[in-house]
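Values in this text are rule-based calculations from the coordinates and carry no lab data. Quick caveat: nothing in here was measured; it's all calculated off a predicted structure. Methodologically, a virtual Cβ is constructed for each residue, glycine included, from the backbone with ideal geometry; neighbour enumeration extends over all protein chains shown.
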Amino acid sequence: MRVIALIEDPGVIQRILEHLGLWAPLATVRSPPPGPESWPRHVSLPLTYHPVPDIA
C-alpha cells in the first residue's frame, strides 16, 4: 500500500467524511459537572501526606 495523496484542507476533509457518513463534529456545549451531592462519601476525606525519605 502506498500513500498517493495527503488531504489537509479541513473543508475537503469534512465533505469526504459527510459523503461517507462518518462526519461527527465535536460537541461544542457540555453539561455542567455533577454537584458534590452525587460524589461518593469518601472523596471528602482529608488527604494525608507521608514524606518518603530520599534514597540517594
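For the chain, the longest principal axis of the alpha carbon atoms and the long axis of helix 10-20 meet at an angle near 80°. Computed extension gain for residue 20 through residue 52, at 0.36 nm per residue and net of the alpha carbon distance, reaches 5.9 nm. With a simple spin-label model that places each label point 7 Å from the Cα along the Cα-to-Cβ direction, the separation between residue 2 and residue 41 comes to 6.8 nm.
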